[in-house]
Amino acid sequence: MRHARSYVGASETARANIWLFDSKGLVVAGRPEGGISDDKAPFAHAGAGVSPTSSLEEAVRRVKPTVLVGAAAVPAVFTKVRQGRR
């Protein structure tokens, strides 16, 4: 039983560190544009300082990810970063 509790805690910690960005933007609770599907709901962040954005560049600024995984069928989501932009 102790292992099961450890797994649940690890799973919650993992979810807290995973941010999703779909065709409608950053997946956050209460997102006004497009809502959130049931499969994405467990990963929807909520709380102070969390607000929706449809800009991948803005989402990266806010979340400061260490890894980006492009697993979408939407073309051209990842584009070249322009010189001088951070």
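Bear in mind these aren't lab numbers, they're just calculated from the coordinates by the rules spelled out. The structure displayed is predicted, hence computed values, not measured ones. Counting neighbours? That spans all protein chains shown, and the Cβs are built from the backbone with ideal geometry, glycine included.
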(message) Can you compute the modelled spin-label distance between VAL63 and ILE18, with each label point 7 Å from Cα toward Cβ, in nm?
(response) 1.2 nm
(message) Place a point 7 Å from Cα of SER37 in the direction of its Cβ. Which residues in segment 54-72 have their backbone N less than 15 Å from it?
(response) 71-72
(request) Kindly put LYS40, LYS64 in sequence by how many other C-beta atoms sit within 10 Å of each C-beta, fewest to most. (result) LYS64, LYS40
(message) Please list 3J(HN,Hα) in residue order for segment 60-68, calculated via the Karplus relation 6.51 cos²θ - 1.76 cosθ + 1.60 where θ = phi - 60°; whole Hz, with x for glycine and proline.
(response) 5, 4, 6, 7, 6, x, 8, 9, 10
